[in-house]
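The values are calculated or read from the model by the stated rules, or taken from the named source; none is laboratory data. Computed from a prediction, not measured in an experiment: that's the story for all the values here. Because the Cβ atoms are built from the backbone with ideal geometry, glycine has one as well, and the counts that use them run over all protein chains shown. We work out accessible area using only protein heavy atoms, side chains counted, and drop any ligands, DNA or RNA first. Shrake-Rupley method; radii C 1.70, N 1.55, O 1.52, S 1.80 Å.
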Amino acid sequence: MTPPSAVVLGGGLSGAATAYALARGGCTNVTVLESGTSLGGLAGSFERDGHFYPLGYHHILHRDRTLLFFLELIGALPDVRWRRIKLLFHLKDRFFDLADPVEFLRFPMRLSDKARFVRLMARAFRTRDWSPWLDRSAAELIDSWAGPGVRHALFERLCELKFERPCDQISGAWLGARLHFREGSAPLGYIPGSNWTKVLCDGVTRLLSQSGVHIRFRSPVARLHTSNGRINEAELASGERIAADVYVSTIPTDVYRTLVSRDDTPELDRIRYTALLSVVCATRQSVRPEAYWVNLASRGKTACAIFLLNALNPTIGGPGESCVNFVTHLESRDRALFRAPDEQLLQRYRNDFRDVFGFELDPFWTHVARVPLYSPIFYRSYRNPPIRSQSWRNLYFAGNYRTFPSIVSTGTALRSGVEAGAAVLEDLGQPSELPAAAAAFRLGTMPRA
């Protein structure tokens with residue numbers, strides 16, 4: 001039989017992983033349609049003075065098996081180095097390192113609540129199955145495992161920083177999975193002498209090319225043509241039509257729904273996305289404390305967090321430079337701040353920097369990224385849509401809206417693509433070993449910086 005043809009909509013990491021899974025499973029006619037000029041999506045980079053920087057903070061997690069698997073595939077894993085970072089909370093004009101016992105005791109929370117917080121974290125770390133919390137809120141989780149005092153002192157503000165919503169509107173399963181993962185407590189990975197997300201995206205691009213995948217850049221899809229319960233053609237903005245036997249959508253659901261007349265797949269129309277503002281700038285000023293991640297827990301700040309990228313990767317940028325990343329999560333792209341002029345946005349971030357670090361930031365370049373569809377809002381009762389469309393028999397889904405309740409990361413994006421490719425192959429009678437291989441991957445050593 002002639003191997004089926006497949007078209008992947010979107011060249012982010014989910015789309016790239018889908019295409020690789022299909023090609024590895026024997027599909028010889030796979031095409032990726034990407035509207036931009038490179039693969040990677042949110043893991044993309046930009047260049048300044050010969051150096052590459054991420055669009056926003058990214059780090060390698062030692063438990064992110066699919067990411068580590070792909071880094072091994074492209075030959076980059078031996079170059080990864082691991083560093084313990086400082087994750088601080090800035091509250092009431094003070095820095096608090098909750099991993100430090102002395103700083104934790106100083107944090108403005110009652111002593112009894114601190115004991116409950118420790119028990120909460122220990123219990124979350126031991127819990128792997130969060131399905132009992134799918135229909136319950138983060139507020140219920142914290143209140144039942146630690147108490148309202150812990151929620152008000154810490155978690156209400158964290159939910160506001162992430163989603164601009166209170167705990168009682170956010171999924172308990174999502175928050176529990178995030179606490180279980182302990183993102184900031186273990187060493188984080190980077191690649192010295194480079195921006196590791198560019199290494200990943202360039203390596204995955206080579207991997208696809210070597211696997212025979214056709215990558216078409218500057219090819220935005222304008223419409224999906226359908227008949228008899230199937231997708232027949234993808235029409236590009238140029239008017240060109242591309243026919244295939246199978247289609248996989250890895251683009252945000254808000255965009256996908258504009259391409260088809262309808263789709264009755266459960267949960268699809270309930271997905272709502274946050275927006276992201278990410279400003280990266282370089283300065284020759286020394287920034288202290290040298291903390292990689294500072295959550296701005298005091299209300300009234302424009303930034304949700306400030307990342308000092310060189311605190312994780314000292315080789316990023318030029319010698320003697322500090323690389324600062326301001327990040328703001330917004331409930332939607334309709335927020336006025338998302339459309340604020342660059343100069344106004346930069347001034348507000350500089351005000352935040354002065355309030356937090358005590359001196360004026362003097363950057364010699366800045367880069368502003370606005371992501372209108374960043375991450376799904378994992379509200380109470382959130383469910384992943386099925387991997388197969390319920391309206392179009394030859395259409396499949398992949399993306400960060402299918403990774404719940406795991407934290408959204410480069411690795412979960414890759415895993416979602418691997419799962420979609422495996423589902424296509426399964427329906428074609430060609431089982432894939434890729435999901436099991438990625439899930440079974442283990443990190444052998446963790447060379448320190």
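A few comments on the model shown:
- Assigned charges on the beta-carbon of Lys, Arg, Asp, Glu; the chain dipole about Cα centre (debye): 980
- Estimated [θ] at 222 nm from DSSP helical runs (n ≥ 4, -39500 (n - 2.57)) normalised by residues in the chain, nearest 500: -8500 deg cm²/dmol
- GNM remark for the chain: springs join alpha carbons under 10 Å apart, and the peak mean-square fluctuation among Pro341, Pro266, Pro192 falls on Pro341.
- Between the C-alpha center of region 432-449 and that of region 195-245 there is a gap of 28 Å.
- Spin-label model distance (nm) - Phe217 vs Ala440, 7 Å beyond Cα toward Cβ: 3.7
- For the peptides 348-360, 142-154, the ranking by mean Cβ contacts within 10 Å, running from highest to lowest, is 142-154, 348-360.
- Taking Cβ atoms as reference points and 15 Å as the exclusive limit, the residues near Leu88 contribute a net charge of 0, counting Lys and Arg as +1 and Asp and Glu as -1.
- Largest first, the residues His58, His214, His225 sort by 1.4 Å accessible area into His214, His58, His225.
- Relative to the longest principal axis of the Cα atoms of the chain, the long axis of helix 410-427 lies at roughly 20 degrees.
- Spin-label proximity, Arg354 to region 286-312 - amide N less than 18 Å from point 7 Å beyond Cα toward beta carbon: 286-288, 300-303
- Surrounding net charge for Thr445, when Lys and Arg each add one and Asp and Glu each subtract one, Cβ distance under 13 Å: +1
- Neighbourhood charge, 12 Å Cβ-Cβ cut-off, centred on Ser409 and excluding it, Lys, Arg +1 and Asp, Glu -1: +2
- Cα gyration tensor category, rounded, prolate or oblate, for the chain with a/c compared to 1.5: prolate
- Sequence-distant lysines (8 or more away, or on other chains) whose Cα lies within less than 23 Å of Lys114: Lys86, Lys92, Lys162
- Whether region 381-449 is rounded, prolate or oblate, judged on the alpha carbon gyration tensor where a/c under 1.5 counts as rounded: oblate
- Whole-angstrom gap from region 327-369 to region 1-60, using each part's C-alpha centre: 30
- Cα gyration tensor, region 1-83 - rounded (a/c under 1.5), prolate or oblate: oblate
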